[in-house]
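Since the structure comes first, as structure tokens, the remarks are kept for the end.
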Ligand code: GDP
């Protein structure tokens, strides 16, 4: 089975890792780059790096982002010299940003740089940025418009959200490889990433959303028992006037979905979400260990396989 996974950072990377353990080169991960920004003269791509470090087994297991065995001398030096230290960058991680920035300045596209890095890190699955064109996410808040990292890291998600803008996304071109991967995929998996600021920016790029319409698309809820495991997705749903629930996540994606996976603690909602056009799987979706990631990936793939087989059966009748 050929699979395309859409992913943000921490939640997305964990399921992408489970899928990669099973599918190897049959998996393409299309990653959000709406969070990317320039800082300390470096181009930083937080979600791409989280996905790559996780697939390469280099990620910090406690934080879920950044690298294991990290030291912080460079950022401490920046702080001691009066520079900004609100965005934590480890020394090893900074090496990635230095080399990426150098290559970008030489004119290499982000997708090509990512390919080179993935090869160096021994990643078998294909990891693609959603686009080589910058499409920065702007968070609309009660304190005005904030660039994503200003809202997310500097202001710790405290401002109340009223909406989002993905600058330049309708004119942006999907990165080379993205349209082909989607066309050739049997199954699209929307990872349990933040729907508002990790998945929506991907769907907003050029024709990506339209290209998913004819596909079999399964989303995994990032909201378990009404709460996010980490991050502001639940808070965003509430501030935008929705309930913070798996059901609201399914509603958010709407007609895009063929299947939806929710956690067993939300099993009571199965009947409320299930419809003639939306299949539902209830399973354990909390990924605490690498085995949990693989198990959830296996559950999602069998669910996808069943939906695809049922479709073929219906066609043959
Ligand atoms: P970010 O860009 O680093 O915020 O990463 P993502 O958008 O990919 O992930 C954030 C989302 O992942 C949050 O809404 C979390 O609730 C969700 N998440 C994190 N870990 C898990 C997990 O183990 N299971 C599920 N179902 N969701 C998770």
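No value in this document is a laboratory result; all are computed from the given coordinates. Keep in mind that this is a model prediction, so the values were computed, not measured. Reconstructed Cβ throughout: ideal geometry from the backbone, glycine too, with neighbour counts over all protein chains shown.
Summary of values
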{"item": "Distance in nm between pseudo-label sites at residue 183 and residue 98 (7 Å out along the Cβ direction from Cα)", "result": "4.1"}
{"item": "DSSP-defined antiparallel bridges as percent of all bridges, the chain, nearest 5", "result": "40"}
{"item": "Debye-sum result for the chain in log10 I(q)/I(0), which assumes one identical scatterer on each alpha carbon, at q = 0.09, 0.11, 0.13 Å⁻¹", "result": "-0.43, -0.65, -0.93"}
{"item": "Label-point separation, residue 157 to residue 76 (7 Å along Cα→Cβ), nm", "result": "2.9"}
{"item": "Region 169-317: antiparallel DSSP beta bridges as a percent of all, rounded to 5", "result": "20"}
{"item": "Hull shadow area, averaged, region 53-170 [alpha-carbon convex hull, nm²]", "result": "9.3"}
{"item": "Ellipticity estimate at 222 nm from DSSP helix runs (n ≥ 4, -39,500 (n - 2.57)) divided over the chain, nearest 500", "result": "-11000 deg cm²/dmol"}
{"item": "Separation of the residue 85 and residue 276 label points, Cα + 7 Å toward Cβ, nm", "result": "6.2"}
{"item": "Centroid-to-centroid separation of region 105-120 and region 18-94 [C-alpha atoms, Å]", "result": "15"}
{"item": "With eigenvalues of the C-alpha gyration tensor scaled by 5 and rooted, region 129-285, Å", "result": "25, 23, 11"}
{"item": "Relative exposure of 102, 67, judged by other C-beta atoms within 10 Å (fewest first)", "result": "102, 67"}
{"item": "Length-normalised contact order for the chain - Cα pairs under 8 Å, 6+ apart - percent", "result": "19"}
